[in-house]
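Heads up, the thing below is written out as structure tokens.
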Amino acid sequence: MSESKKPIYNDYFFNESAYDYHDGGYVPLEKYDSPEVPLGIPTILKPDKETDTDVWLTVHAQAGETQILPGAKTKTWGYNQSLLGPTIVFKSGKTYHVTLKNSLPELTTFHWHGLDVPGPFIDGGCHAPVYPGESKEITFKVDQPAATTWLHAHPCPLTGWDVWHGLAAMVYVTDNHEESLPLPHNYGVDDIPVILQDRRFHENNQWDYDADYDPDGVAGPTALINGTVNPEFDVTTQKLRLRFLDGSNRREWRLHLSDDLVMTQIASDGGLLPEPVQMTKLMITCAERAEVVLDFGKYKAGDKVTLYSDDVPILTFNIKEFAPDNTDIPEHLADINYPEVSDPDSLVHQVVMSGTDEEVGINGKKFGMMRIDDRQEIGKTEYWDITNTNDCCGGMLHPYHMHGGSFQIVSRNGHAPYPNEMGLKDTVSVNPGETVRIKMRFNYAGVFMYHCHIIEHEDGGMMAQLQVYTSDEPNKKYDLMPMDTLMNAIAKERGCKVDELVIKPLDSYKKMGMDMC
């Protein structure tokens, strides 16, 4: 790829007036006063068993303690470890048999964010609880392009609680095409997961979700990168592939490097972009992923390069000796052959995200566990218009996520998508006063949620669900979990009565005189 012929973008694309730092409850990042430590690189989850066609895995949600800061360990939750989880690698074309095990003190769910799998139970939304001390077996075939996806808990209205405690992990999907490209592929050496989160550390280095709660999204002043505070990474190759995941409950990350080093974005949520995009600034909003390649060819051993979010350093790259790398990123990375809309005259699905704080909703309603808000036939591609009506004080960005597969962005207020949005997506941030048109096709039947991915917004009701149906069973009934069942289970686990439960997002429903039934 000839860099001189490619435009280099030097802005964050989105409306600055809506950035999270304009929110009255904004929590600015601060560099924590502790020594730099090596960036934590998750291990790769080892299969229990594997054949040429099938793989067996166990994903275990568990509580523990993690040494994050000097002094007392922090009480945390994680998958197969005390915090976050090992990276899970799926090969497209293989069938996976996954044991979901829960050793937490309360129920949770396992949502495969970005995987194209049936819903609602394999998808792992709020209707797929795994209770304490129990296990559940799910089986699915991975049949999608290589991509960076992720796993996180999704037990509404406790998704924010679970993710804040640490239940999130990176998930790679690989395929033969992506593996054939001259891109960095050596995991942990030149292919690095970068999970972006933030926390506030209270007394004895502990987290306190309820104390930090904000209905517009919980945030903390300390950057936590792969569970590491003040991380540094030793660069031993000229080119480095970073797979960014905004795993925060609320925070937008506005990323740039010292010396305005160019980032070449090669992939977004759903996989490779059709062509690479060069930029010096990248904003990533809640749940989005972005893969970038850095070229350190102009640096020498002993140099340092710093990754910032706004003006706060969050990750230091220590340049070591490396061999010259003259490979070029291909000018064409992937064909994006998304199916055309089946019937251009068909009704366009409407999603209106409105409100802030406790008043958030979709299409004037808060989420109902038993209510189907929309329907789409399996295998048909249809338009969805996603509108953000916020207009007060500059409004706020709402990152919109659809379960059940990837979509393609058609336009923003009738104009072209941003240059790095030409690939497949499952999450798109929508500016105030903007309508983003997408086209979406579902490959599996089931019930799927769609929502704002500011997690406290979805927990507070900015969420809805649709049924993907087949012509043979247009009105198939699913065993959805009523709100009473959920509340009774949580109350039992916490040893209290239902009316004694402290679940902060439910205040949003009470304020609006609504419930989740």
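The values are calculated or read from the model by the stated rules, or taken from the named source; none is laboratory data. Since we're looking at a predicted model, the values are computed, not measured. Heads up, the Cβs are rebuilt from the backbone with ideal geometry, glycines too, and the neighbour counts pull from every protein chain shown. Areas reflect the complete protein model, heavy atoms only, side chains present, ligands, DNA and RNA absent. Shrake-Rupley method; radii C 1.70, N 1.55, O 1.52, S 1.80 Å.
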* Structure fact -> Scanning the stretch 478-493 for residues that are of a type outside the set (Asp, Glu) and farther than 19 Å from PHE367 by Cα gives ALA489, ALA491, LYS492
* Filter the stretch 123-142 down to the residues that are touching a residue at least 60 places away in the same chain (Cβ under 8 Å) and not in a strand (DSSP E or B), then identify the one that is farthest from THR485 (Cα to Cα). => ASP123
* To do: Just name the residue that is least open to solvent (accessible area, probe 1.4 Å) out of those in the stretch 201-235 that are among the charged types (D, E, K, R) and touching a strand residue (DSSP E or B) at 6+ places or on another chain (Cβ under 7 Å).
  => GLU232
* Could you list all residues from the stretch 30-68 that are within 16 Å of TYR79 (Cβ to Cβ), open to solvent by 50 Å² or more (accessible area, probe 1.4 Å) and part of a loop (DSSP other than H, G, I, E, B)? => ILE41, THR43, LYS46, PRO47, ASP48
* For the stretch 381-405, which residues satisfy the criterion of being outside any strand (DSSP E or B), of a type outside the set (A, V, I, L, M, F, W, C) and more than 13 Å from the chain's Cα centre (by Cα)? -> THR389, ASN390, ASP391, GLY394, GLY395, GLY404, GLY405
* Selected residue [open to solvent by 50 Å² or more (accessible area, probe 1.4 Å), under 30 Å from GLY379 (Cβ atoms) and part of a loop (DSSP other than H, G, I, E, B)] from GLU321, GLU340 -> GLU340
* Considering only residues of the stretch 94-113 that are in a loop (DSSP other than H, G, I, E, B) and open to solvent by 10 Å² or more (accessible area, probe 1.4 Å), which is nearest to GLN467 (Cα to Cα)? -> LYS94
* Condition met for TYR509 (farther than 24 Å from ASP385 by Cβ, exposed (fewer than 15 other Cβ atoms within 10 Å of the Cβ) and out of contact with any Phe, Trp or Tyr (no Cβ under 6 Å at 6 or more places or on another chain)) -> no
* **Answer from ASN431, ASN390 - the residue that is buried (at least 20 other Cβ atoms within 10 Å of the Cβ) and at pLDDT below 95** => ASN390
* Asked: Residues of the stretch 18-29 being of a type outside the set (Val, Ile, Thr) and either surrounded by 15 or more Cβ atoms within 10 Å (Cβ to Cβ) or part of a loop (DSSP other than H, G, I, E, B) (or both), which ones?
  -> ALA18, TYR19, ASP20, ASP23, GLY24, GLY25, TYR26, PRO28, LEU29
* Asked: Can you tell me which residues in the stretch 362-380 are on the phi > 0 side of the Ramachandran plot and either open to solvent by 50 Å² or more (accessible area, probe 1.4 Å) or assigned to a strand (DSSP E or B) (or both)?
  -> ASN363, GLY364
